[in-house]
Structure formats: structure tokens, C-alpha cells
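The values are calculated or read from the model by the stated rules, or taken from the named source; none is laboratory data. Given the structure is predicted, the values throughout are model-derived calculations rather than measurements. Using ideal geometry, Cβ is built from the backbone for each residue, glycine included, and neighbour counts are taken over all protein chains shown.
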């Protein structure tokens, strides 16, 4: 569920800071004009080739009518004897529910075998770029780094499991440059993303936390005097922590941006992406479930002024170099215990569907210093809901590599066999356990056949999708039924009527385990709709689960 967090504008006014820049204002109502969001309503476009049921966004609400004994529709002003009106639903979903599927853990995926890895190695971002899996791990300190400076490592894989360490020749370690160390430095808790909107020189971007020298902080505050978090304590020399950015053409050769993307209190894992629908960069950060400090209290700064429960924040901007301060979008709600905190966000999308947004927040159970990973979904990246069935995986058993605590990382990706994998770092001891015994490694949370959320009917169920423009002429279904169950599908076109030859009567039933099976109607496998015309799909299910659709 989405529970409003701290209102940042109210906080800043209470703290005596200048108002936030207009970039934080709520989006204006969508209008049909260039440069703005389209008019809301059906039919929808899919951003990719897949439709997954992570929430009710793609499920038709349906309607109903009241009718008299003759079947005539009656309204509020009609006179009908009590008990004579009949309720008639139309495309209303019934007998279905959503449920997150548990993942199984596997690992360690990597083994530390380089001196600078000091016995532990992990990957904190994985991106499937074309046919290659690319990974970045760290940050860590090399032997030649000054105090506080950190670097990242770069990895490559052809199958997502077997990773190599290319010799990049960029950073000297122990007198040699034959290593996989890249020139990202002075950051912590970062992640990397591909930017499809950027020029080639900035195709890859990094977001992380880090310290900035006085000159950079001073320049930022002069340029953006109202956009700073009053809880961000500046050091006596004028330096301060902020959100760092870097850009790269190839993910290997990086240019660190000189000024903060934002000056605010955040910590640990930061993630970001370019949202093609919003035409904006969206960042996810650490925030705190905390109210405004009393103006009558003695003013303090730094950690003593924070308080509250750790939560997840979000910021969006058309300019990657200027992020507004984050607003809280998800916080520990009443479905959690009062000792539970949201530690990291694990933001990602559904593979093949960039408009299907997912969070895999690590829940830190402070009553036992243990962790679990939950799942939340959003259709617009702004409004979030925890999914029934969370958490989806938990800390491993005692003495296992991940038997202490676990933290999920971006991104959820598809393996060659169709399984979905989510990278995570597993630690052998709890989060706040004395760390002289601390070791960590890369693990995967695996959902076989990409089945992360089920739209299911334990007995009989039915529903229709919203009307949409299909991104292909055929559709494959990922579904599972009992032997006595089945799924039938109807294609609906103009006038709310089945397209000829594509009704339930012609539908070949889906029975059993189908990972990627074409829907068909008699001998026909195409949807039957005219080119560039909208449709919606009706489903009748019996003891069945549907996980996703893929258009080809």
C-alpha cells in the first residue's frame, strides 16, 4: 500500500529553508499536446512486448446494469417494484486474485580470486545489454587509493552465471593495470542504468551517494539555493554528502559529474532509470518516515535530527544533473511490525516490459537484526503497493554464505532458459554483527520460467484485460493449470463483440504447464484484428494461474 510520508515542502518551511524548486510540484493534468503526457484512458500502449499482471492495472474493472423483468435497462429515475430489478454484470472480474511467488536462492555465483577482492566479491548492478550480461560490483578500496576513495569492478557473462573479469588497463592496483577495475570513485551504495534517451557519450549513467568538496557544494548552493535538505550537515570546511552522478559511453570509461545531483540525506542503495513514458529520470533513494521538527526545539543537525523509520524515496527530473529532493513513496505500513524498516529499494522492471515497475525492498527486522525481501509493484512508478505473498525470499540458514543478511540489487533479468534472476548480496553475519568475521558473496533469487506473480483462480474465474494496442499479431501465454482445469481466451474488438473466429467457442484450451505457448483458435494463431486496431482479451479460468503474455 502507499502511505504518504513526510511532506518535504512542509518540512523545509518548518526548518526555515527556502521553498523547493517547482520541479517537485505535482504533474499538471495530462492534455493532448506535444511535450506533455497523453490524455488518460483506453486503449493503452505497451512499452514492451509483454503484459504481466503485477497489479490490477491491466485488468478491466467491468461494469453492470439493473434490468427489469423484460430485460430492459433501468436507471435511477425509473420506477420498478422492489425485487423486480435484476443485477447484470458486464466484464466484471470474479474468482481471481494476485499472489507473489516465492523465489529460491542460489549461490555463491562468484568466487573471490583477485587480491583486491580480499576474499569477498559481489555484483551490485546487472544489465542485460543485447546478448551480453554486464555487471558492476563494489565499491571497494584499492591499495593505492587515498583514504575514503573507492572504485568499482566490471564483469561480463554470456549466460548470466559464468562471469569473467576483463583486463581493462584503467586503474593501477599493486603496480599493475591488468585488472577489471573501472574509474568510478568516491561513491558508495550506487547503481548503473542504461539511458535510451541520451547521446552515445552518456548511454550509461551511475547514481550513488558520496562526499563533495567545498567548491562543488558552494557552486551547487549558488545555482540551486532552495534545493537542499536542511538535515544535510555541512562539515566545517564546507564539504557535504550528496547524490553523485557519472556518465559513460561504454560502461567502462567514466566521467564523474563535478556537482551533486542533489544535496540531501540519503544512504546505502540508490537506483535510477530513464522513464520513456514520463520522459524523465526517476531516482529511488533512502528517506525516513519522519515528521517536521518543532520550531520551538533547540536546533540540531546531522543524525540527531533524523529519527523516524527508514523508507523509500523517489525523485523525477527532465535533467539528470538536477534532481529535486526525494519524496517518500513507500514506508513501513501497518502490515509490518513496528520494528521493521525498509532498508534498500531494489528498483527494477519486468524483463521485456519497461512500463511494469517493481521494487524488491529489503526489510530489516531490527527486533532480530534479520532481513527478508518483499515485492511491491506500480503501473506509473509513483503509486506503489506491496503484493500479497511477500516476502518473496528470506535470509539463508545459519553458516550459509547468506545466513546473516541479504540485500537485493537491480536488475531482474531473464536467463537463457527463461528463468528470471534477481541479484542479491548475501552476508554470513547479521547487518550489525561485529564485522571482523564479515564475508559476502553474490547470490541469485530465481523464479523458474519467469513466474514471479500469478493471477490465479483456485476454482472458476474470469476477467478481461483493458483495451490496448497489441504490439504483435500473435500472443504467447505463460500459464499453469491443474489437470482438471484450463484456460480459454476470447479476442474482443469494436462494439464489445468477439472478433470473428476468436471467441471462447473457437478457443483451443490451455491445459497443463505452458511457459511460452501460442494462443490459438481452431487453426488460427493470430489475433484476427485489423492492423493498428485496439482489442481486449477475455479469459475464463478454472484451477489455473496466468503469469504473463508475450506478443510476437
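Annotations
- Qualifying residue in the range 492-505 (condition: touching a strand residue (DSSP E or B) at 6+ places or on another chain (Cβ under 8 Å) and closer than 28 Å to residue 387 by Cα): no
- Qualifying residue in the range 289-300 (condition: closer than 23 Å to residue 124 by Cβ, in the same structural domain as residue 155 (by TED's automatic domain parsing) and in a strand (DSSP E or B)): no
- Per this entry, residue 83 is not counted among residues that are in the same structural domain as residue 346 (by TED's automatic domain parsing) and out of contact with any strand residue (DSSP E or B) (no Cβ under 8 Å at 6 or more places or on another chain).
- Qualifying residue in the range 400-410 (condition: without any contact (Cβ under 8 Å) to a residue 24 or more places away in the chain, on the phi < 0 side of the Ramachandran plot and in the same structural domain as residue 317 (by TED's automatic domain parsing)): no
- Restricting the range 509-536 to residues that are part of a loop (DSSP other than H, G, I, E, B) and more than 35 Å from the chain's Cα centre (by Cα), the residue that is surrounded by the fewest Cβ atoms within 10 Å (Cβ to Cβ): 523
- Against the conditions (1) at pLDDT 95 or above; (2) under 28 Å from residue 40 (Cβ atoms); (3) assigned to a loop (DSSP other than H, G, I, E, B), residue 491 satisfies every one except (3).
- Residue that is nearest to the chain's Cα centre (by Cα) [pool: residues in the range 233-264 that are free of Cβ contacts under 8 Å to residues at least 24 places away in the same chain and assigned to a loop (DSSP other than H, G, I, E, B)]: 234
- Given (1) surrounded by 14 or more Cβ atoms within 10 Å (Cβ to Cβ); (2) at pLDDT 90 or above; (3) more than 24 Å from residue 360 (Cβ to Cβ), number of the condition residue 94 does not satisfy: (1)
- Only residues that are crowded, with 22+ Cβ neighbours inside 10 Å and in contact with a helix residue (DSSP H, G or I) (Cβ under 7 Å, 6 or more places away or on another chain) were counted in the range 180-239, giving 1.
- Here residue 263 passes the criteria (1) touching a helix residue (DSSP H, G or I) at 6+ places or on another chain (Cβ under 7 Å); (2) surrounded by 19 or more Cβ atoms within 10 Å (Cβ to Cβ); (3) within 25 Å of residue 123 (Cβ to Cβ) except the one numbered (3).
- The strands (runs of 3 or more DSSP E) found entirely in the range 60-119 that carry 1 or more residues being over 23 Å from residue 479 (Cα atoms) are 63-67, 86-90, 104-106.
- Selection count where residues are under 30 Å from the mean Cα position of the chain (by Cα) and part of a loop (DSSP other than H, G, I, E, B), scope the range 201-232: 8
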